[in-house]
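Visitor: The structure's right below; bear with me while I get my questions together.
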Amino acid sequence: MSADTPRRIVLLRHAKAEWSDTDDHERPLADRGRKDAPVAGRWLAGAGIHPDLTLCSTSVRTRETWKLAVHELPERPRTVYDERIYEASLGELIALLNETSDEVDDLMLVGHNPGVHALADALAGESDGDLLPRMNRSGFPTASMAVISFNGSWKSVEHGVGRLVAYWTPHE
């Protein structure tokens, strides 16, 4: 793979979860989350984004979000459920991206705030139009997605490496 290989990172925050007395990791999706997750999948399919690999947190709400969203895609990408995504810091998420094989061109990460928003903001050195200010004003609500493009190896992913080329939220 060449150093200028075009790649995309798709960051999906889990859909709306229920608030309950259960352990945070075990919280399921709320009714609104079960409605928004397939809409997110349809947006991905309509945008022509077909991840080669999806890294998904092991929490119940992220697994449910991905299960509902992926059914809307023409093909199911290889999915790896990784406990390190749950409660990961920005640095831990970047380190996880750096582990990705260069055989992967489009990578999806299904995770949580504040990490997903921090990662999108950190990686986007520039953006198309007003996408970056709009994303940051929104606070990256549940079921939102950011698409960041960059050229190079996954080992080269660091602050400012990419361009925010799409930002979508189900309730705009």
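The values are calculated or read from the model by the stated rules, or taken from the named source; none is laboratory data. Small disclaimer: the values here were computed from a predicted structure and weren't measured. Because the Cβ atoms are built from the backbone with ideal geometry, glycine has one as well, and the counts that use them run over all protein chains shown. Protein only, heavy atoms only, side chains kept; ligands, DNA and RNA dropped before computing areas. Shrake-Rupley method; radii C 1.70, N 1.55, O 1.52, S 1.80 Å.
Visitor: Scan region 39-80 for residues that are among the small types (Gly, Ala, Ser) and either touching a residue at least 24 places away in the same chain (Cβ under 8 Å) or closer than 18 Å to residue 27 by Cβ (or both) and jot them down.
Guide: Within region 39-80, 40, 41, 45, 47, 57, 59, 69 qualify.
Visitor: Taking region 139-167, which residues are among the hydrophobic types (A, V, I, L, M, F, W, C) and open to solvent by 40 Å² or more (accessible area, probe 1.4 Å)?
Guide: 161, 165
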